[in-house]
Amino acid sequence: MKLTCFNFAELPVSPWRNGGGETREITSQPPGGEFDWRASIATIAQDGPFSAFNGIDRSITLLEGDGVHLYSAGQIDHGLQKIGEPFAFSGDVALDAKLLGGSSQDFNIMTRRGRQTAQVQRIVETIGLSLQHAGVLYVLGGEWQLPDGKRLAIRQGCWWLPGEGPLRLIAQGNDAVALWADILPADLA
């Protein structure tokens, strides 16, 4: 099994064109060109528009901060303010984002509709994962042990491609909390 581990502080930073934040890309698959799925962590530093991504389904989860209110008249009116609670929506919708306090940090999964789909969930206990799916794990609290014995702590994670993923993620204690994005071909969903 091949896992690609990462640490938030070491991810490459790309400032947004509108100056309202930055993105740290975890992975984009396949690499180079139009992605089928993409995982990243964004920092929203000021109120402003969210770009529309036609043909893309999105999931956003608050990691740190007071959160953000996402709004598009008649389509979306959602307060993203609970850490670790995913919110899925169509990337076809152009949204306005209003911070609910200071800057906020968010875990983002984007999938190309018709090719890939994703389910993002908060996990707090040992879990077995399908080796047939791609995935991303990001630790919010405590520690998690990977099948090779390596441990991941807060602000660390890993991702894998189908057939390469961990069979079992082991929670290390009662404070273990992570986000798991299960990514699979749309025809298997």
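The values are calculated or read from the model by the stated rules, or taken from the named source; none is laboratory data. Quantities reported herein were computed from a predicted structural model and do not represent experimental measurements. Neighbour counts are summed over all protein chains in view; Cβ atoms, including those assigned to glycine, are modelled from backbone coordinates with ideal geometry. The accessibility values were calculated without ligands, DNA or RNA, using every heavy atom of the protein model including side chains. Shrake-Rupley method; radii C 1.70, N 1.55, O 1.52, S 1.80 Å.
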Query raised in the report: Looking at D175, D148, which is the one that is acidic (D, E) and not in a strand (DSSP E or B)?
Result: D148
Requested in this report: Select from segment 84-116 the residues that are surrounded by fewer than 19 Cβ atoms within 10 Å (Cβ to Cβ) and among the β-branched types (V, I, T) and list them in ascending order.
Outcome: V93
Report task. Pairs only if they're at least six apart or on different chains, beta carbon under 9 angstrom, first in segment 7-24 and touching a residue at least 60 places away in the same chain (Cβ under 8 Å), second of a type in the set (D, E, K, R) and open to solvent by less than 50 Å² (accessible area, probe 1.4 Å); list them, first residue then second. Result -> F8/R24
**Report entry** Single unsatisfied condition, S40 versus (1) surrounded by fewer than 16 Cβ atoms within 10 Å (Cβ to Cβ); (2) within 19 Å of A118 (Cβ to Cβ); (3) touching an Asp or Glu at 6+ places or on another chain (Cβ under 7 Å)
**Finding:** (1)
Query raised in the report: If a residue has to be assigned to a strand (DSSP E or B) and of a type in the set (G, A, S) to count, how many in segment 71-91 make the cut?
Result: 4
Query - Residue list for segment 48-68, restricted to those being surrounded by 17 or more Cβ atoms within 10 Å (Cβ to Cβ), touching a Lys or Arg at 6+ places or on another chain (Cβ under 7 Å) and either within 22 Å of G102 (Cβ to Cβ) or small (G, A, S) (or both) - result: L62, V68
Report task. Just name the residue that is most open to solvent (accessible area, probe 1.4 Å) out of those in segment 125-139 that are among the aliphatic types (A, V, I, L, M), in contact with an Asp or Glu (Cβ under 9 Å, 6 or more places away or on another chain) and over 17 Å from F107 (Cα atoms). Result -> L131
**Report entry** Index of the failed condition, G32 passing every other in (1) exposed (fewer than 15 other Cβ atoms within 10 Å of the Cβ); (2) in contact (Cβ under 8 Å) with a residue 24 or more places away in the chain
**Finding:** (2)
Report summary line: Considering only strands (runs of 3 or more DSSP E) wholly within segment 1-63, the ones with at least 2 residues that are among the polar types (S, T, N, Q) are 4-7, 21-29, 37-44
Query raised in the report: In segment 92-116, how many are part of a strand (DSSP E or B) and over 11 Å from F50 (Cα atoms)?
Result: 11
